[in-house]
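Data first, discussion second: the structure below is written as structure tokens.
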Amino acid sequence: MTLKPLDDRLVIEPAVNEEKNVGGIIIPDTAKEKPNIGSVIAVGNDEELQKLVKVGDKVLYSKYGGTEVDIDRKKYLIVSRSDVLAIVE
């Protein structure tokens with residue numbers, strides 16, 4: 001299954017946040033801070049947005065923005081243009 005965002009939205013695959021605890025304490029996923037950087041998987045059909053962001057770009061996005069979806073056991077985030085803060089180079 002593929003996602004094709006509409007209008008000014010992007011599909012982002014969040015970066016995996018690997019944290020190792022020196023003391024051996026296991027921290028549940030619900031207590032971990034979510035990453036704010038991810039790779040762009042798809043770009044909506046807004047022409048201005050397509051000029052700014054391309055598939056494969058790494059972007060910094062708003063911490064509480066977007067909608068999480070689970071497809072084929074992978075987590076994706078659908079965000080609007082206003083939730084994208086910067087392109088990471």
- Task: Evaluate the following for G23: is it in a strand (DSSP E or B) and either under 25 Å from E89 (Cα atoms) or modelled with pLDDT under 95 (or both)?
- Result: no
- How do the strands (runs of 3 or more DSSP E) wholly within region 39-89 filter down when requiring 2 or more residues that are of a type outside the set (D, E, K, R), under 17 Å from T2 (Cβ atoms) and over 10 Å from the mean Cα position of the chain (by Cα): which remain? 67-71
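Working only within region 56-84, note down all residues that are touching a Phe, Trp or Tyr at 6+ places or on another chain (Cβ under 6 Å) and surrounded by 13 or more Cβ atoms within 10 Å (Cβ to Cβ).
Quick first cut of region 56-84, residues touching a Phe, Trp or Tyr at 6+ places or on another chain (Cβ under 6 Å) only: 69, 79, 83-84.
V79, D83, V84, listed by residue number.
Is there a residue in region 33-46 that is touching a helix residue (DSSP H, G or I) at 6+ places or on another chain (Cβ under 6 Å) and at pLDDT 95 or above?
yes
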- Inside region 1-20, can you point out the residues that are in a loop (DSSP other than H, G, I, E, B) and either under 12 Å from L77 (Cα atoms) or at pLDDT 70 or above (or both)? M1, T2, L3, K4, P5, L6, D7, D8, A15, V16
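The values are calculated or read from the model by the stated rules, or taken from the named source; none is laboratory data. Keep in mind that this is a model prediction, so the values were computed, not measured. When we count neighbours, we look across all protein chains shown, and the Cβ atoms used for this are built from the backbone with ideal geometry, even at glycine.
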